[in-house]
Every structure is written in structure tokens, then in C-alpha cells.
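The values are calculated or read from the model by the stated rules, or taken from the named source; none is laboratory data. Here the structure is a predicted model, which is why all the values come from computation and not from measurement. Neighbour counts run over all protein chains shown; Cβ positions are idealised from the backbone, glycine included. We work out accessible area using only protein heavy atoms, side chains counted, and drop any ligands, DNA or RNA first. Shrake-Rupley method; radii C 1.70, N 1.55, O 1.52, S 1.80 Å.
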Amino acid sequence: MKKVTFLGVLLAVAVCISSCSNTASDPDNTAQVASDSLSVIGDTISENISDFTTALHHVTNDINQIPLTGNADRDFAVFLKSHHQGAIDIAQAEIKNGKDDALKQMAQDISNTYKSEITALETFVASLRNGPVKVASGKGDKKDGFNTLIKKYKAMIWDMAKMDTSMVADKQFVAVMIPHLQSAVYLAGGYLQYGKDPQLMGLAKEIIPRKNKQIGELNKWMNKNKNTSSTQ
């Protein structure tokens, strides 16, 4: 099969999105249309030399296929689990292809931390399956508020696909990991407004400063290396 550039893939997706202009004002619908388009051309996108492209494709598909239940605790845990898996895939791409030792160490730390947190999130979700899944106690505005937050979160994940894949691996890692971390901060901050589970609330509170620190470190690295060639 003839290889197709990532920009070509994005052009095909853009055409699909423009043909569905009646839903373009809804970020959830926009992200879903884009994700569906990527699914159709999955064989093409997987041929791109960038492992980061493949990781983005997987996390976008996974997150857009998760159904909302109205239970903020359950929904936060499930979305965060997929988000963490996406970060692990991105980190593994950096470990495999990157050259900067500091970035590769950060990628390894991210991978190790998220693997343990995924295990805890899976345990939490499994415990809900053994009992009733309660939605926000009769307060439709709280349920709708968290659902709206998730729609924006999905759109943030899709925006990561705009990454310039002509850059070297280290810059690709930084370029995609910064918005990935920012979307996690947004998700965790939103959950603190609607969630109830003490364990998950504690995790959300811990996530925000940790990820903000990583964002600062990555921005510092990018600013230091912004004048270096993107293709060398």
C-alpha cells in the first residue's frame, strides 16, 4: 500500500468534518466524526513513521468510544484510565525514538506511574460493577455539567492530532505531551466539582500539581530547543 503523509490524513479528515457542518458547533460531534474518519483509514495512518501518530490515533479512538453513564466517579475513572494509557503509549514512543536523556527519563517515569494508577482505577471500576451505579443524586444540572466538561475534554484530545510530525522525536514528544497533560489537568479539575469518591478526589488533587510541574518542565525544554532544527 502506498504510504500517505499525516497531513494528507488530516486533509481527508477535514473534508469529512466539513461535510458534517450541521454538527460542527458541537465539540463532541466534531471529535467523533474525526475519530470515525481515522478509524476508516487506520491502515494508512499506522504506516506513518511516527509512533506518536499511532499513539494519538489509539487514544483518540479509545476516548471517543467511552459511553457516559452520568456517574461522575465512574466516568472520571474510565476516562482517566484511557488517558493514562494514551500517555504510556506516547511515553513508549519517546523511549524508543528519543535522543534526549532527560525526556526519556521523564517518559519512563510517566509510564511507571501511570501503570500503577491504571491498576487502581481498574479496581475502582470493577467495584462499581459489583454494586449499583448511582448517577448524580437527582441533580440533572450536575450530571449535565460533567457531561459538558467531558465533551470539551474529548475535543482537547482530538486537537493533539494537529502535531507537526516533521519534527524530531524529542520535539514530537514534547509537542503532544504538553496538551495531553493539560487535558488531564482540565479533567481532574472538573471532576473535583462533580465527584464524590474520596479516593478519586484525592487522586485528582494529586494529579493537578504533578502534571502542572511536568508541563512547566516540558515548556522549559521546548523554549531552550526552539531554535534547533526540527528535522535533525
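For the reader, a short list of remarks on this structure follows.
- Ranked by how many other beta carbons lie within 10 Å on average, peptides 106-116, 178-188 from highest: 178-188, 106-116
- Note on surface exposure: V176, V168 rank V168, V176 by accessible area, highest first, 1.4 Å probe.
- Of K99/K151; K104/K196; K115/K196; K154/K196; K104/K152; K162/K213, those spanning more than 27 Å from alpha-carbon to alpha-carbon: K99/K151; K104/K196; K104/K152
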